[in-house]
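The values are calculated or read from the model by the stated rules, or taken from the named source; none is laboratory data. Just so it is clear, the structure is predicted and the values come from calculations on it, not from any experiment. Every residue, glycine as well, gets a Cβ built from its backbone with ideal geometry; the counts of neighbours run over all protein chains shown. Please note that ligands, DNA and RNA were not included when accessible areas were found on the heavy atoms of the full protein model with its side chains. Shrake-Rupley method; radii C 1.70, N 1.55, O 1.52, S 1.80 Å.
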Amino acid sequence: MTALEQVSHETMVFMRGRYCLDEVGNGKDELKFKQGKRTILTVYSREDRFDFMLIYGKKEREVFEAQREAYSPWVQGIYDSAKTYHDGKWMMFPVSAPEQLEEIKPLIRIKKKPNRKPFPKEGAVYGQCGQRCDLCVHYTGQDEARRQEMIPPLTRMYGISDWSMRCGGCGSDTCHCKDEPCPAKACAAQKGLAQCRDCGEHPCIRVTTSDHMSMIHTETHDGDEITWGILPYVPYQYEER
């Protein structure tokens, strides 16, 4: 991955893995992470960077001020120069490197404490690509009550009404992609590996079925769509690391 791809991927890993929020895009260059009407974070996609916008109210400013010495001069400078309006202090952080993203994460935590309960690892079933088979609507071992919980948001997200296909997981006779290996499995085979999880580059964007699953995008998806339509298919975005 390039530095910008790393920033994009790690942003989604962090925001989805720790927060259950709606993702509201404008179809062009803007993605908002929202809880109801409240915006937690806005990300703008630029040619050479991502601009992260945070708006701090009075209480959030008090928290930052109490710990400001823990932040770099870069963060402190942007905070001090940001204008304060009636609805809060508007801060814009240009991010083009993973190291800068790491400085933004604590600021997001000030805005909102993580609210996603990770899926338990106990009983997890992993495919050769590293995805969680046991969190897939098609998995033969799926609890039927959970399957019915998954179907409405998956239908909204993908516009598909028939979810009757069943897959027993990698190596089974009913494996959905045993005859035509998915891009991830094909890549592993080319490297002489039995599974993607044996690769030093895992996880990578090739593990997902489309870039928008793991990268900053401009589509709109609600929190349930993210939980059931994306997280099971993007390694490590569904559990604490």
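Put +1 on the Cβ of each Lys and Arg and -1 on the Cβ of each Asp and Glu in the range 81-229; which of HIS221, PRO183, GLN142 then has its Cα farthest toward the positive end of the dipole?
HIS221
If you average 1/r over every pair of different alpha-carbon atoms in the range 162-201 and take one over that average, what Kirkwood value in Å do you get?
So the Kirkwood estimate lands at 11.2 Å.
Using helices alone, what [θ] at 222 nm do you get for the chain, with -39,500 (n - 2.57) per DSSP H run of 4 or more residues, divided over all residues and rounded to the nearest 500?
Per the formula, -10000 deg cm²/dmol.
Volume per residue, Å³, of the convex hull around the alpha-carbon atoms of the range 136-194?
In the range 136-194, the Cα hull volume divided by residue count equals 103 Å³.
Over 20 Å between C-alpha atoms is what I'm after, so list which of LYS59/LYS89; LYS32/LYS121; LYS32/LYS111; LYS121/LYS191 land there.
Exceeds cut-off: LYS32/LYS121; LYS121/LYS191.
Could you do me a favour and compute the accessible area per residue for the range 31-139, 1.4 Å probe, result in Å²?
Heavy-atom SASA per residue in the range 31-139 reads 53 Å².
Over the chain, what portion of Cα pair distances is larger than 21 Å, expressed as a whole percent?
The calculated P(r) of the chain puts 61 percent of pairs beyond 21 Å.
How large are Rg and Dmax for the range 118-157 when only the alpha carbon atoms are used, in Å?
In Å, with Rg to one decimal and Dmax whole: 10.7, 29.
For the range 78-192, I need the span (max minus min coordinate) of the C-alpha atoms along each principal axis, in Å, sorted largest to smallest.
61, 39, 30
So if we plug the beta-carbon distance of ARG38 and ARG197 into 1/(1 + (r/R0)^6) with R0 = 41 Å, what FRET efficiency do we get, rounded to 0.05?
For ARG38 and ARG197, the calculated efficiency is 0.65.
How far apart, in nanometres, would the label points at ARG156 and THR84 be if each is projected 7 angstrom from Cα along the Cα-to-Cβ direction?
3.8 nm
For the range 28-121, would you read off the P(r) tail past 20 Å as a percentage of all alpha carbon pairs?
38 percent
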